[in-house]
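**Student:** Please find one structure pasted underneath; my questions will follow.
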Amino acid sequence: MTDRFDPAVADRRWQQRWADAKTFEADSSSPKPKSYVLEMFPYPSGRIHMGHVRNYTMGDVLARYRRMQGFEVLHPMGWDAFGMPAENAAMEQKVHPGSWTRDNIATMRQQLKRIGFALDWSRELATCEPDYYGQEQALFLDLMEAGLVYRKESEVNWDPVDMTVLANEQVIDGKGWRSGATVERKKLSQWFLKITDFAEELLDGLGTLDQWPDKVRLMQENWIGKSRGMQFCFRLADTPPGGGACDIEVFTTRPDTIFGASFVAISPGHPIAEALAAERPEVADFIAKARAGGTSAAEIETAEKLGFDTGLEVVHPFDPDWRLPVWIANFVLMDYGTGALYGVPAHDVRDFEFATKYGLPIRRVVAANPSGESDPVVEAETDYGVAVNSQFLDGMTSEAAKAEVINRAETAGWGQGKTQYRLRDWGVSRQRYWGTPIPVIHCEGCGPVGVPKDQLPVVLPDDVSFDIPGNPLDRHPTWGKVDCPTCGRPARRETDTLDTFVDSSWYFIRFASQPDDRPFDRAEAESWLPVGQYIGGVEHAILHLLYARFWTRALERIGKISLKEPFKGLFTQGMVTHETYKSADGRWLNPVELDVREGGVLVEMATGAEVSRGRVEKMSKSKKNTVDPEPILDRYGADAVRWFMLSDSPPERDLEWSEGGIEGASRFVQRVWRLAMAPAGNGGDDLVLRKKVHRTVAAVGEAIEGLQFNKSVAALYELTSAIEKAPASADRDEAIRTLLLLVAPGAPHLAEEAWQSRGEGGMIADAAWPAHDPALLVDDEVTIAVQVNGKLRDTLTAPRGAAKDVIEAQAIALPKVQTYLNGPPRKVIVVPDRLVNIVA
Ligand code: ANZ
Ligand code: ZN
């Protein structure tokens with residue numbers, strides 16, 4: 001019998017046994033109840049980092065726990081394997097994106113296996129393989145056939161160095177996230193998915209997701225951005241009444257502010273702006289200037305406001321003599337509302353900034369109360385209130401005034417109430433090589449034609465070069481040349497590939513069911529879905545989750561699956577952080593480059609120079625404060641690493657990596673081992689310990705169910721100490737056995753090794769989660785508060801359910817209570833098991 005647990009031997013042994021026994025392979029035809037636990041699949045960037053370890057450990061504990069509870073568990077793993085970094089590597093290191101990606105996958109798979117995750121590796125998938133993306137192409141064609149895919153010219157963020165379209169999130173301060181080049185706007189024909197058709201459903205559906213964090217639902221709600229307002233027409237002043245009834249159509253969410261309008265602004269992309277530009281060079285110049293910079297709402301919001309007075313005027317809808325100037329303004333988006341608005345400087349932040357800059361009138365039409373109407377407006381007042389300076393609206397609440405204006409506009413026929421969403425259709429075209437080819441052929445005669453399904457997958461060609469920027473598919477000599485599937489004449493393949501968010505919008509369905517000849521088997525997929533618990537980073541709270549929700553609903557709408565929401569429970573975990581270190585000359589240093597001198601002084605090993613400690617921040621390559629899991633695994637073994645990931649912080653918060661933390665986890669592993677190796681006790685009964693065990697079983701189960709892993713760890717520390725202190729007995733042996741079952745999800749190698757050493761049959765991974773006896777959870781003694789005249793003076797302990805008069809006598813007899821009494825109490829109130837109040 002060894003007195004130390006040796007992870008170097010045990011980890012590999014049990015990983016091999018689990019693999020040989022196919023312990024974690026999920027059986028779709030199992031009669032057991034099913035449970036689907038999923039962590040967001042990783043991008044194969046090179047190596048596993050601590051953030052992955054934390055994320056997957058949480059999922060693993062839940063998956064193992066559910067298995068022990070008797071569920072058939074699906075806990076799969078795969079690779080989100082398409083994307084830019086592989087192409088960057090190809091350009092920088094002259095390797096093929098495919099081999100770079102597949103090498104990384106091989107490395108990371110081995111790393112994950114070393115941590116002993118209970119994964120069903122038989123279902124492993126990589127989105128960059130044709131057996132995955134070919135099925136994605138089939139789904140794309142289904143959506144196309146159903147009219148949920150279309151092509152449209154649209155303005156995109158163009159990175160002139162990487163020669164690619166950038167997503168809004170890839171534009172940082174007006175520059176390309178990778179190249180740093182100033183982003184331009186450019187018009188291109190792009191493929192779009194009609195996510196806006198689902199805006200209302202996606203919003204409503206949030207209401208059913210009661211196992212999602214509120215903050216994520218709120219972020220999705222804001223992203224969808226539903227607003228109720230009015231759309232109406234302005235007439236140009238110089239067109240005769242009757243003609244030109246709708247010259248400039250605007251959308252507003254604040255019809256109640258209509259009497260505060262001081263200008264009308266149109267987007268630089270508005271047809272009127274374009275028409276003026278064709279005639280007047282100064283307009284064209286202005287438009288060019290206004291278009292520099294990214295297209296995202298955030299970019300436009302923060303850019304300096306620029307305007308151009310066109311000289312045109314429109315008539316106020318409620319007053320034929322009131323004219324408003326028409327400006328072209330850079331903050332008006334072309335693809336929101338109607339691409340035009342009326343500005344109310346007193347009540348809108350952007351309009352205020354604009355009017356201040358260009359000297360336009362600022363007039364309050366909403367006030368907190370009717371008498372506040374004449375104070376000067378010093379900043380935009382965006383709150384609701386009551387209408388002032390607004391003719392027939394005066395005195396109405398903002399809500400009532402809105403309704404009144406919409407009502408009058410609808411009656412008179414110049415406008416109507418309208419619901420607007422901020423959500424845009426999803427542009428999925430990427431001008432890159434390393435992505436799923438969009439399965440379309442362009443024919444001069446027939447237009448864009450879907451590739452017939454029997455010709456799928458459209459496979460990426462391997463012979464491509466990355467020595468010049470741009471999309472290698474565009475310059476491939478033969479790949480793009482095909483015949484039109486409809487008319488047979490020479491045609492060309494679409495060379496755009498799909499946004500990688502498409503790949504991650506359905507991988508959880510493919511995990512559940514992966515036939516060779518279609519994307520998934522409906523019955524099998526439905527038997528697992530929705531994912532019971534999805535775990536990942538909050539950085540995916542908006543786009544990934546929204547796209548996956550949309551894709552699922554789109555499949556449901558076209559009758560491919562009956563499932564509305566793919567993820568029943570969602571958990572977003574905190575990050576792993578570490579102190580940062582900087583040399584005197586400003587270089588970030590990794591912890592392994594440092595040495596500690598006397599008095600805790602940190603020095604750089606290479607130079608001996610002193611190093612300053614910086615803030616604790618998310619582990620990142622740029623700050624060099626990462627800790628590579630691999631050497632830690634070598635030194636401490638998988639269970640200590642896993643245990644530390646669960647221990648110190650609530651899982652939704654950040655976890656600071658520390659040497660002390662991993663040491664502590666490692667010591668715990670050895671403590672459990674020593675207990676497990678203790679000789680069996682004989683006879684003797686230890687009710688106190690038995691109760692502790694049952695309470696811990698209940699507490700650990702509850703904590704894991706609630707994903708409060710740090711609480712389960714704390715409960716197990718307590719139990720371990722209690723066992724260590726308890727004298728040998730049969731109850732103590734049973735306690736140790738239960739302790740092993742309880743630590744098994746978190747420290748599975750230790751648990752298996754100890755389980756086997758103690759001669760228990762089978763693997764602990766297959767053992768049942770211990771039951772607890774509710775009777776043993778009840779405390780027999782209660783602590784009762786004793787008050788005198790309503791103030792707490794002392795407490796007493798009594799058997800649970802003790803009679804009132806017994807407790808009353810005990811309370812009055814307390815020496816502390818006696819000091820407050822002069823003679824017999826006037827009255828005594830007893831709340832059984834809780835409280836005694838003595839009125840002196
Ligand atoms: C008048 C007004 C008065 C407005 C006021 C706001 C406050 P949300 O709520 O985000 O949907 N708007 C309309 N079309 C626009 C476009 N294409 N680009 C930029 N802004 C646009 O925003 C709706 C409000 O944004 C609209 O209501 C309009 O300004 C502006 F005190 O109209 B509002
Ligand atoms: Zn054709």
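**Student:** Looking only at region 766-780, decide whether some residue is buried (at least 16 other Cβ atoms within 10 Å of the Cβ), hydrophobic (A, V, I, L, M, F, W, C) and either closer than 22 Å to Arg67 by Cβ or touching a Gly at 6+ places or on another chain (Cβ under 8 Å) (or both).
**Tutor:** Within region 766-780, one or more residues are buried (at least 16 other Cβ atoms within 10 Å of the Cβ), hydrophobic (A, V, I, L, M, F, W, C) and either closer than 22 Å to Arg67 by Cβ or touching a Gly at 6+ places or on another chain (Cβ under 8 Å) (or both).
**Student:** Filter region 124-142 for residues that are among the acidic types (Asp, Glu), under 26 Å from the mean Cα position of the chain (by Cα) and farther than 13 Å from Pro437 by Cα and give the result.
**Tutor:** Hit for region 124-142 is Glu124, nothing else.
**Student:** Looking at region 26-36, is at least one residue part of a helix (DSSP H, G or I) and buried (at least 20 other Cβ atoms within 10 Å of the Cβ)?
**Tutor:** no
**Student:** Then there's this: For region 678-694, how many residues are over 44 Å from the mean Cα position of the chain (by Cα) and either part of a loop (DSSP other than H, G, I, E, B) or within 26 Å of Asp3 (Cα to Cα) (or both)?
**Tutor:** Summing the residues that are over 44 Å from the mean Cα position of the chain (by Cα) and either part of a loop (DSSP other than H, G, I, E, B) or within 26 Å of Asp3 (Cα to Cα) (or both) in region 678-694 gives 9.
**Student:** Something else about it: Can you find a residue that is assigned to a loop (DSSP other than H, G, I, E, B), under 17 Å from Phe234 (Cβ atoms) and more than 14 Å from ligand 1 (Cβ to nearest atom) anywhere in region 329-347? It would help to see each step written out before you state the result.
**Tutor:** As a first pass, look at region 329-347 and keep what is assigned to a loop (DSSP other than H, G, I, E, B): 330-339, 344-347.
Among the residues that remain, those that are also under 17 Å from Phe234 (Cβ atoms) are: 332, 337-339, 344.
Cutting the leftovers down to more than 14 Å from ligand 1 (Cβ to nearest atom) gives us none.
No: region 329-347 contains no residue that is assigned to a loop (DSSP other than H, G, I, E, B), under 17 Å from Phe234 (Cβ atoms) and more than 14 Å from ligand 1 (Cβ to nearest atom).
**Student:** Given the conditions (1) assigned to a loop (DSSP other than H, G, I, E, B); (2) on the phi < 0 side of the Ramachandran plot, and given that Gly395 satisfies all but one, which numbered condition is not satisfied?
**Tutor:** Every listed condition holds for Gly395 apart from (2).
**Student:** Could you please give the count of residues in region 605-657 that are in contact with an Asp or Glu (Cβ under 6 Å, 6 or more places away or on another chain), surrounded by 13 or more Cβ atoms within 10 Å (Cβ to Cβ) and without any contact (Cβ under 8 Å) to a residue 40 or more places away in the chain?
**Tutor:** Residues that pass the stated criteria total 1.
**Student:** Continuing with the same structure: Tell me which residues, restricted to region 472-500, are within 23 Å of Phe192 (Cα to Cα), surrounded by fewer than 19 Cβ atoms within 10 Å (Cβ to Cβ) and away from ligand 2 (no atom under 16 Å from the Cβ).
**Tutor:** Of everything in region 472-500, just one residue is within 23 Å of Phe192 (Cα to Cα), surrounded by fewer than 19 Cβ atoms within 10 Å (Cβ to Cβ) and away from ligand 2 (no atom under 16 Å from the Cβ), namely Asp474.
**Student:** Looking at Leu203, is it within 18 Å of Leu563 (Cα to Cα), surrounded by 15 or more Cβ atoms within 10 Å (Cβ to Cβ) and touching a strand residue (DSSP E or B) at 6+ places or on another chain (Cβ under 8 Å)?
**Tutor:** yes
**Student:** Let me ask something else. Restricting to region 548-593, name every residue that is outside any helix (DSSP H, G or I), at pLDDT below 95 and among the β-branched types (Val, Ile, Thr).
**Tutor:** Selection gives Val576, Thr577, Thr580.
**Student:** Quickly run through region 365-392 and pick out the residues that are part of a loop (DSSP other than H, G, I, E, B) and either more than 13 Å from ligand 1 (Cβ to nearest atom) or over 39 Å from the mean Cα position of the chain (by Cα) (or both).
**Tutor:** Scanning region 365-392 gives Val365, Ala368, Asn369, Asp375, Pro376, Val377, Val378, Val388, Asn389, Ser390.
**Student:** Also, I was wondering about something else. From (1) within 18 Å of Ala744 (Cα to Cα); (2) crowded, with 16+ Cβ neighbours inside 10 Å, pick out the condition that doesn't hold for Leu589.
**Tutor:** Every condition holds for Leu589 apart from (1).
**Student:** Going through Gly46, Gly59 one at a time, which residue ends up being surrounded by fewer than 24 Cβ atoms within 10 Å (Cβ to Cβ) and not in a strand (DSSP E or B)?
**Tutor:** Within the list Gly46, Gly59, the selection yields Gly46.
**Student:** Looking at Pro457, Pro439, Pro461 in this structure, which one is closer than 25 Å to Gly98 by Cβ, at pLDDT 95 or above and within 16 Å of ligand 2 (Cβ to nearest atom)?
**Tutor:** Pro439
**Student:** Taking Val315, is it at pLDDT 90 or above, in a strand (DSSP E or B), away from ligand 1 (no atom under 12 Å from the Cβ) and within 30 Å of Thr397 (Cα to Cα)?
**Tutor:** Yes, satisfied.
**Student:** Okay, moving on. Checking the condition of a type outside the set (Gly, Ala, Ser), touching a Lys or Arg at 6+ places or on another chain (Cβ under 8 Å) and over 17 Å from Tyr507 (Cα atoms), which residue from Glu92, Glu124, Glu72 passes?
**Tutor:** Residue meeting the stated conditions: Glu72.
**Student:** Same structure again: Sort out which residues of region 382-401 are in contact with a Lys or Arg (Cβ under 7 Å, 6 or more places away or on another chain) and not hydrophobic (A, V, I, L, M, F, W, C), and write them in order of number.
**Tutor:** Asn389
**Student:** On the given criteria, is Arg185 among the charged types (D, E, K, R) and modelled with pLDDT under 95?
**Tutor:** yes
**Student:** Something else: Pick out the one residue from Ala284, Ala265 that is surrounded by 18 or more Cβ atoms within 10 Å (Cβ to Cβ) and either within 16 Å of ligand 1 (Cβ to nearest atom) or free of Cβ contacts under 8 Å to residues at least 40 places away in the same chain (or both).
**Tutor:** Exactly one residue qualifies, and that residue is Ala265.
**Student:** When you look at Ile509, is it modelled with pLDDT under 95, hydrophobic (A, V, I, L, M, F, W, C) and out of contact with any Asp or Glu (no Cβ under 7 Å at 6 or more places or on another chain), yes or no?
**Tutor:** The answer is no for Ile509.
**Student:** Kindly evaluate Glu353 against the criterion of being surrounded by fewer than 19 Cβ atoms within 10 Å (Cβ to Cβ), assigned to a helix (DSSP H, G or I) and either within 16 Å of ligand 2 (Cβ to nearest atom) or in contact (Cβ under 8 Å) with a residue 40 or more places away in the chain (or both). Walk me through how you get there before you give the answer.
**Tutor:** Working: surrounded by fewer than 19 Cβ atoms within 10 Å (Cβ to Cβ): yes; assigned to a helix (DSSP H, G or I): yes; either within 16 Å of ligand 2 (Cβ to nearest atom) or in contact (Cβ under 8 Å) with a residue 40 or more places away in the chain (or both): yes.
So Glu353 passes the test.
**Student:** In contact with a helix residue (DSSP H, G or I) (Cβ under 7 Å, 6 or more places away or on another chain) and closer than 30 Å to Asp462 by Cα: which single residue out of Arg54, Arg47 fits that description?
**Tutor:** Arg47
**Student:** Looking at region 268-281, which of the residues that are part of a helix (DSSP H, G or I) and surrounded by 20 or more Cβ atoms within 10 Å (Cβ to Cβ) is nearest to the chain's Cα centre (by Cα)?
**Tutor:** My answer is Ala273.
**Student:** Just checking, does region 235-251 include any residue being surrounded by 14 or more Cβ atoms within 10 Å (Cβ to Cβ), more than 24 Å from the chain's Cα centre (by Cα) and among the polar types (S, T, N, Q)?
**Tutor:** Checked against the condition, which is being surrounded by 14 or more Cβ atoms within 10 Å (Cβ to Cβ), more than 24 Å from the chain's Cα centre (by Cα) and among the polar types (S, T, N, Q), region 235-251 yields no hits at all.
**Student:** Looking only at region 62-113, count how many residues are at pLDDT below 95 and not in a helix (DSSP H, G or I).
**Tutor:** Matching residues across region 62-113 total 3.
**Student:** Given the options Leu719, Leu796, name the one that is within 30 Å of Val839 (Cβ to Cβ), surrounded by 12 or more Cβ atoms within 10 Å (Cβ to Cβ) and of a type outside the set (Val, Ile, Thr).
**Tutor:** The conditions single out Leu796.
**Student:** Still on this structure: Take residues that are away from ligand 1 (no atom under 16 Å from the Cβ) and tell me which of the strands (runs of 3 or more DSSP E) falling wholly in region 404-510 contain 3 or more.
**Tutor:** Those strands (runs of 3 or more DSSP E) span 440-443, 447-450, 481-483, 490-493.
**Student:** Can you find a residue that is surrounded by fewer than 11 Cβ atoms within 10 Å (Cβ to Cβ) and part of a loop (DSSP other than H, G, I, E, B) anywhere in region 810-818?
**Tutor:** No.
**Student:** Name the pairs whose Cβ atoms lie under 7 Å apart, with the first residue in region 474-497 and among the small types (Gly, Ala, Ser), the second assigned to a strand (DSSP E or B) and within 14 Å of ligand 2 (Cβ to nearest atom), and 6 or more positions between them or separate chains?
**Tutor:** Gly480/Arg492; Gly480/Arg493; Ala491/Ile441; Ala491/His442; Ala491/Cys443; Ala491/Val482; Ala491/Asp483
The values are calculated or read from the model by the stated rules, or taken from the named source; none is laboratory data. These numbers come from a predicted model, not from an experiment. FYI the Cβ positions are ideal-geometry reconstructions off the backbone, even for glycines, and counts take in every protein chain you see.
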